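Everything on this sheet refers to the single structure shown next.
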Amino acid sequence: MSTKKLWGGRFSGTTNEFVESFTASVHFDKRLAEVDVRCSRAHAKTLLTASILSQSEYDAIVNGLDQLITDIQSGDFRWDPALEDVHMNIEARLIELIGEPGRKLHTARSRNDQVASSFRLFLLENSDGLRTTLLNLQEELLNKAASHTHTIMPGFTHLQNAQPITFGHHLMAWFEMFDRDLARLSDWHRRTNVSPMGSAALAGTSYPIDRREFQSIMGFESVTRNSLDTVSDRDFAIELVGVLSTIMMHLSRCCEEVILWMSPAFGFISLPDELCTGSSIMPQKKNPDVAELIRGKSGRVIGHLNGLLMLMKGQPLAYNRDNQEDKESVFDALDTTHQSVIAMALLVAGISAIPSRMLELASQGHPTATDMADWLVRHGIAFRSAHEICGKAVSLANERKVELHELTLDELKELSDSFDESVFECLTLEGSIAARKHPGGTAPDTVVEAIEAARTRLTLQLKRTSANA
């Protein structure tokens, strides 16, 4: 209560103790501290260029900010909740360190454009770590898929046995999900990488600063075009959490399959002990808890997206204090997604396929019925008629409790005179898979080509990421 507010000139009384606590955000937005200090250095440079600061004042500010960075990194910085947020804490401490020059730093800016700049830059920089972990996950998927280009498993629709595919093809489907996520992240990055500084409170600033100088120093690609929109915009936060929600949705779908595949009913895979946990009462249990937690955390991130949309939907222009509530959601969504991607990479690396069980289930449920219909089409039967004939063949096989390839040629000829001995060649699982040799298909050679092409793309992305680090 003894802390003097930097905005307190027009107030005659002190802030209510509960209100002071209720409005404070420093306990979570102090994560922006280092970025905020760097932004303040860049802002000081624009003030120097505009002759608003003298060289000695600029030097004092830079030296003071350097000391603050040292204190923040070492943990020696004392955060005061009475100063509300990270920005006021840093400014107040700077004034303590260097005196009057510190009071000039806030010239030509507002907390509104200050927080918009720091928040954008923090998210831009921290999303790079997520990109790297996504690329690592894709690398694990490619390595695993390359080991299973010929491993036959059932492909499902409606969780019913539909057509045979290869395990490598299935893993490459996961790869494509995360490839789209990376593209969405890049697209978000492009839209977000604009500098708010200079928008001030809402109308811009009357001081002759060059907004593009701050933009250039901080590495933004351009400056925002409307000051009113700039300080009230949180689309960049909403859009990022939208991307994160999609990543988590994809992770959750993959984890659902891991959980199903590991169950005795499927028995397609096993996971190493170090990625599983046991039961406190049932000694035989080996639970895929990592996959279940990722699946559960997806709801948490998606909930943050809904919360941010609700936060913004009723706000008039320009800035409102409601927007203080954006950072905890975004920080948690980014942290949770990053950790979940790392965990998923461990799961993928730890998967051990059980090809014999995959093959056993792939053989059930007449998975080559479509191949039989296609065979009839190639022999002059219209597809709808072929579909009907094959449906009758499936019914006959069910009555006899056999699979399609176990029906006799005489039984098939009772359904259509077009059948001959060659039809049985397409009714094998291997024949069905080999026939899907077009781009995007499940044929082993096609999957190998897809893996090689994906690895080339991934290598280029990894090089770009390393170059930008």
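The values are calculated or read from the model by the stated rules, or taken from the named source; none is laboratory data. Please read these numbers as outputs of a predicted model, since none were measured by experiment. Here the Cβ positions follow ideal geometry from the backbone for every residue, glycine too, while neighbour counts run over all protein chains shown. For the accessible areas, the whole protein counts, side chains as well, though only heavy atoms, and no ligand, DNA or RNA atoms are used. Shrake-Rupley method; radii C 1.70, N 1.55, O 1.52, S 1.80 Å.
Return the ratio Rg/(2.2 N^0.38 Å) for the range 129-204, where Rg is computed over Cα atoms only.
1.76
As I understand it, the value is the acute angle between the Cα axis of helix 55-74 and the longest principal axis of the Cα atoms of the chain; what does it come to in degrees, rounded to 10?
50 degrees
Helix 86-98 against the longest principal axis of the chain: what's the angle in degrees, Cα atoms only, rounded to the nearest 10?
40 degrees
Ratio of the range 126-171's C-alpha Rg to 2.2 N^0.38 Å, to two decimals? Numbers along the way, then the final one.
On the way: Rg = 14.3 Å, N = 46, 2.2 N^0.38 = 9.4 Å.
Its radius of gyration relative to the 2.2 N^0.38 Å reference: 1.52.
For a quick check: with amide H placed at 1.01 Å from N, whose amide H comes under 5 Å from Ile165's, ignoring anything fewer than 5 positions away on the same chain?
Long-range HN contacts for Ile165: Met153, Gly155.
Which is the longest stretch in the chain that no exposed loop site breaks, taking sites as chymotrypsin sites (Phe, Trp or Tyr not before Pro) with a DSSP loop state and at most 14 other Cβ atoms within 10 Å?
Working: sites that count: Trp7, Phe11.
Longest stretch, sites excluded: 12-469.
Output wanted: per-residue J couplings in Hz (rounded whole) for the range 438-454, from phi through Karplus 6.51 cos²θ - 1.76 cosθ + 1.60, θ = phi - 60°, x for Gly and Pro.
Per-residue couplings from phi come out as 7, x, x, x, 9, 4, x, 5, 5, 5, 4, 4, 5, 5, 5, 5, 5 Hz.
Can you list the lysines whose alpha carbon is less than 27 Å from that of Lys45, not counting same-chain residues fewer than 8 positions off?
Correct list for Lys45: Lys5, Lys30, Lys104.
Determine by what factor the alpha-carbon radius of gyration of the chain differs from 2.2 N^0.38 Å, reporting the quotient. Mind dumping the intermediate values first?
Working: Rg = 30.4 Å, N = 469, 2.2 N^0.38 = 22.8 Å.
Compared with the compact-globule rule of thumb, the chain sits at 1.34.
If R0 is 30 Å, what FRET efficiency do you get for Glu388 and Ala173 from their C-beta distance, rounded to 0.05? Could you put the intermediate results ahead of the total?
Values: r = 31 Å, r/R0 = 1.03.
E between Glu388 and Ala173, to the nearest 0.05, is 0.45.
Could you state the number of Å between the C-alpha centres of the range 123-143 and the range 299-325?
27 Å
Treating the angle as unsigned and between 0 and 90°, give the value, to the nearest 10°, between the Cα long axis of helix 326-350 and the longest Cα principal axis of the chain.
Relative to the chain, helix 326-350 is tipped by roughly 40 degrees.
For the chain, which longest stretch is free of loop sites, where a loop site is one of the trypsin sites (Lys or Arg not before Pro) that DSSP puts outside H, G, I, E and B and that has at most 16 other Cβ atoms within 10 Å?
On the way: sites that count: Lys4, Lys5, Arg78, Arg225, Lys285, Lys286, Lys313, Lys401, Lys437.
Counting at most 16 other Cβ atoms within 10 Å as exposed, the longest clean stretch of the chain is 79-224.
Answer rounded, prolate or oblate for the range 294-388, using the Cα gyration tensor with square roots of eigenvalues a ≥ b ≥ c: rounded when a/c is under 1.5, else prolate when a/b is larger than b/c, else oblate. Spell out each step's value before the answer.
Working: a/c = 5.70, a/b = 2.06, b/c = 2.76.
Judged from the Cα gyration tensor, the range 294-388 comes out oblate (a/c at least 1.5, b/c at or above a/b).
What net charge is computed for the residues neighbouring Leu404, neighbours being all others with C-beta under 14 Å from the C-beta of Leu404, Lys and Arg scored +1, Asp and Glu -1? Present the calculation step by step, with values, prior to reporting the outcome.
Working: positive: Lys392, Arg400, Lys401; negative: Asp371, Asp374, Glu399, Glu403, Glu406, Glu411, Glu425.
My count for the surroundings of Leu404 gives -4.
Counting pairs of alpha carbon atoms under 8 Å apart in space and at least six apart in sequence, what relative contact order in percent does the chain give? Mind showing how you got there, number by number?
Values: 631 pairs, mean separation 77.4, N = 469.
In percent, rounded to a whole number, it is 16.
Pairs to check: Lys144/Lys413; Lys144/Lys286; Lys286/Lys401. Give those whose C-alpha atoms are more than 32 Å from each other in this structure. Intermediate results must be reported in sequence, preceding the final value.
Values: Lys144/Lys413 43 Å; Lys144/Lys286 22 Å; Lys286/Lys401 35 Å.
Correct reply: Lys144/Lys413; Lys286/Lys401.
Before anything else, pin down the relative contact order of the range 324-469: Cα pairs under 8 Å, at least 6 apart, normalised by residue count, whole percent. Spell out each step's value before the answer.
Numbers: 88 pairs, mean separation 24.0, N = 146.
16 percent.
For the chain, give the percent of accessible area contributed by carbon and sulfur heavy atoms, probe 1.4 Å, rounded to a whole number. Intermediate values should be presented prior to the final figure.
Numbers: 11590 of 22370 Å².
C and S fraction of accessible area: 52 percent.
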